[in-house]
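K.L.:
Please read through the structure below; I'll follow up with questions.
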Amino acid sequence: MSIPVDYEILRVIWWLFLGVLLIGFAIMDGFDLGVAALLPFVARTDTERRIAINTIGPVWEGNQVWLVTGGGAAFAAFPPVYAASFSGFYIAMFLVLATLILRPVAFDFRNKFKDARWRTFWDYALFAGGLVPSLVFGVAFGNLLQGVPFRIDSDMRVLYEGSGLFELLNPFGLLCGLVSVGMLTTHGAVYLTVKADGPVKERAAAYVRIGALVTVALFIIAGIWTAFGIKGYVITSAIVVDGPSNPLLKTVAQVRGHWFANFVTYKWMMLAPALAIVGPLLAVLFTAGRKAGLAFLASATGIFGVISTAGVSMFPFLMPSNIMPQASLTVWDATSSRLTLFVMLLATLILLPIVLAYTGFAFRVMRGVVTAKEIEGNSANHY
């Protein structure tokens, strides 16, 4: 079969597409996680908690398609990365999945009984389902920047040699986790200013201000730490962009501050960290000006900036190894075959517009503000 697209181009396309899926998940499901994490703070009565829950109730399940698609894309396009990450981050992934599983259970069970203790239990289940994934996703990115303790043997088996979950919870990893929590809770607070009413909306607006400033401050601290305290990775052998997917065919060195090399070489990439800082600050200004829609777009822009900063700084590395740098997985040596990438690209070009159309339709149908009057007047049909 003649494939009309070069292997190099296909590899870059799938790196970009994986980034788009991660950003799409953070923007679309991120506000679900953020609202859940803010639930104990923005709502003080049962009606207020139900207002917050029902802002995300109709859309949270559809938003998870970004996470499912991202996992599927990683499995199909970058199999070694999928294998190494799910081995190394197994317990962390289990925590994420366990708390995400709590979400649908909490949504369905919370309103079965009017008992206060029953509803409080499920409220905290939703809180955990928002906070834990937000933290763990950031911790994972922090560990990718530092390098992951895995190696590849002569039979191309990926062998993880880390000590488990607590090794991932190192200071820099936790800092990145807090950046993620701040980013997504701010996004959730902005969403509440769009969809909620009354005291919930006012408290959410206050958390937009707090969350945005904390996120920007932590992001800048993480950037300084990355520049002066963490060794980046660089390929020291000839780079073969269309060669076989064998990570052991290259040599890699660790150089302090090298994660900033792409920003020095390609000045336009500085747009990513600039958006990461400007986006949340604009969200604060738009929220203060009662322009909730623009605030949501600004918050989404900040998320794009934060994730893009990590992605472009590491390129072409996907998952560096800190115990066997040569085994580090990159865009050039950790992909599926050229035919697989091409067939998947064709399928994506057909299916992605359908997903986007469905998402747009769902949000159009579910548009409008959730009010206390609506909740109390039609209690049986709400969470």
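Each reported figure results from applying straightforward, stated rules to the coordinates on display, with no laboratory input. Predicted model, so just to flag it, every value in this text is computed and none were measured. When we count neighbours, we look across all protein chains shown, and the Cβ atoms used for this are built from the backbone with ideal geometry, even at glycine.
K.L.:
Among the lysines, which fall within straight-line cross-link reach of Lys231, defined as a Cα-Cα distance under 26 Å, with same-chain neighbours fewer than 8 residues apart omitted?
P.N.:
Hits, sequence-local ones excluded: Lys250, Lys267.
K.L.:
How far, in degrees from 0 to 90, does helix 46-56 lean away from the longest principal axis of the Cα atoms of the chain, to the nearest 10?
P.N.:
Helix 46-56 sits at roughly 40 degrees to that axis.
K.L.:
Pop the C-beta distance of Phe228 and Gln254 into the FRET formula with R0 = 22 Å and round what comes out to the nearest 0.05.
P.N.:
Numbers: r = 15 Å, r/R0 = 0.66.
Taking R0 as 22 Å, the efficiency between Phe228 and Gln254 is 0.90.
K.L.:
For the stretch 199-207, what does the Karplus curve 6.51 cos²θ - 1.76 cosθ + 1.60, with θ = phi - 60°, yield as ³J(HN,Hα) per residue in whole Hz, taken in order and with x for Gly and Pro?
P.N.:
x, 4, 5, 5, 5, 4, 4, 5, 6
K.L.:
Quickly work out the Ser154-to-Ala206 label distance, labels modelled 7 Å from Cα along the C-beta direction, and quote it in nm with one decimal.
P.N.:
The modelled label-to-label distance comes out at 6.6 nm.
K.L.:
Counting Lys and Arg as +1 and Asp and Glu as -1, what is the net charge of the other residues whose Cβ lies under 10 Å from the Cβ of Arg49?
P.N.:
+1
K.L.:
Quick check on packing: order 176-184, 13-21 by the mean number of other C-beta atoms within 10 Å, highest mean leading.
P.N.:
Packing order, densest peptide first, comes out as 176-184, 13-21.
K.L.:
Next question. If amide hydrogens are placed 1.01 Å from N in the peptide plane, which non-local residues have theirs closer than 5 Å to the one on Gly232?
P.N.:
Placed amide hydrogens put Val255, Arg256, Gly257, His258, Trp259 under 5 Å from Gly232.
K.L.:
Please list 3J(HN,Hα) in residue order for the stretch 106-120, calculated via the Karplus relation 6.51 cos²θ - 1.76 cosθ + 1.60 where θ = phi - 60°; whole Hz, with x for glycine and proline.
P.N.:
Karplus-based 3J(HN,Hα) across the stretch 106-120 equals 5, 4, 7, 8, 4, 8, 5, 10, 8, 4, 5, 5, 4, 5, 4 Hz.
K.L.:
Full-extension gain between Ala116 and Leu352, please, as 0.36 nm times their residue separation minus the C-alpha to C-alpha distance. Could the numbers behind the result be given before it?
P.N.:
Numbers: separation 236, 0.36 × 236 = 84.96 nm, distance 4.26 nm.
This chain segment gains 80.7 nm when fully extended.
K.L.:
Let me ask another. For a Förster distance of 56 Å, can you work out the FRET efficiency between the beta-carbons of Val105 and Val264, rounded to the nearest 0.05? Kindly include the intermediate steps, with their values, before the conclusion.
P.N.:
Numbers: r = 49 Å, r/R0 = 0.87.
Plugging the Cβ-Cβ distance into 1/(1 + (r/R0)^6) gives 0.70.
K.L.:
If you don't mind, there's one more thing I want to ask. Relative to a virtual label point 7 Å from the Cα of Met366 in the Cα→beta-carbon direction, which members of the stretch 20-37 show backbone nitrogen distances below 12 Å?
P.N.:
From the stretch 20-37, the list is 28-33.
K.L.:
About the Cα centre of the chain, how large is the charge dipole given +1 on each Lys and Arg Cβ and -1 on each Asp and Glu Cβ? Please answer in debye to the nearest 20.
P.N.:
About 860 debye.
K.L.:
Taking the 0 to 90 degree range and rounding to the nearest ten, how far is the long axis of helix 292-314 tilted relative to the main principal axis of the chain, both from C-alpha atoms?
P.N.:
It works out to around 20 degrees.
K.L.:
Starting from the Cα of Lys291, step 7 Å along the direction of its Cβ; do the same at Leu97; then give the gap between the two resulting points in nm.
P.N.:
Calculated label separation equals 4.4 nm.
K.L.:
Can you work out ³J(HN,Hα) from phi for every residue in the stretch 262-279, in order, using Karplus 6.51 cos²θ - 1.76 cosθ + 1.60 and θ = phi - 60°, giving whole Hz and x for Gly and Pro?
P.N.:
With the stated coefficients, the stretch 262-279 comes to 5, 5, 6, 6, 10, 4, 5, 5, 5, 4, 4, x, 5, 5, 5, 8, 6, x Hz.
K.L.:
Using Cα pairs closer than 8 Å and at least 6 residues apart in sequence, work out the relative contact order for the stretch 188-321, in percent.
P.N.:
So the answer I get is 27 percent.
K.L.:
Which cross-chain or sequence-distant (5 or more) residues have an amide H under 5 Å from the amide H of Ile323, H modelled 1.01 Å from N in plane?
P.N.:
Excluding prolines and chain starts, which carry no amide H, the hits are Phe150.
K.L.:
A follow-up question, please. Quick check for me: using +1 on Lys/Arg Cβ and -1 on Asp/Glu Cβ, what's the dipole size of the stretch 115-269 about its Cα centre, in debye to the nearest 20?
P.N.:
It works out to roughly 380 debye.
K.L.:
So for the chain, averaging the separation of alpha carbon pairs under 8 Å that are six or more residues apart and normalising by length, what relative contact order in percent results? Kindly include the intermediate steps, with their values, before the conclusion.
P.N.:
On the way: 610 pairs, mean separation 91.9, N = 383.
Computed over the chain, the figure is 24 percent.
K.L.:
Something else: Gaussian network model of the chain, Cα springs within a sub-10 Å range: biggest mean-square fluctuation belongs to which of Ala125, Ala298, Ala288?
P.N.:
For the chain, modelled as a Gaussian network with Cα springs under 10 Å, the answer is Ala288.
K.L.:
Counting other Cβ atoms within 10 Å of each Cβ, which GluC sites (Glu not before Pro) in the stretch 158-247 have at most 14 and sit in a DSSP loop?
P.N.:
The qualifying sites are Glu161.
K.L.:
Connecting C-alpha atoms closer than 10 Å in a GNM of the chain, tell me which of Ala76, Ala84, Ala357 has the biggest fluctuation.
P.N.:
Comparing Ala76, Ala84, Ala357 in the GNM, the peak value goes to Ala357.
K.L.:
Shifting gears a bit: With +1 on each Lys and Arg Cβ and -1 on each Asp and Glu Cβ, and nothing else charged, work out how big the dipole of the stretch 255-383 is about its Cα centre, in Debye to the nearest 20.
P.N.:
280
K.L.:
Among Ala92, Val105, Leu145, whose Cα projects farthest towards the positive end of the dipole of the stretch 28-155, with charges put on the beta-carbon of Lys, Arg (+1) and Asp, Glu (-1)?
P.N.:
Val105
K.L.:
Just from its helices, what would the mean residue ellipticity at 222 nm be for the chain, if runs of 4 or more DSSP H residues each count -39500 (n - 2.57) and the sum is divided by every residue, rounded to the nearest 500 deg cm²/dmol?
P.N.:
Taken over the chain, the calculation gives -23000 deg cm²/dmol.
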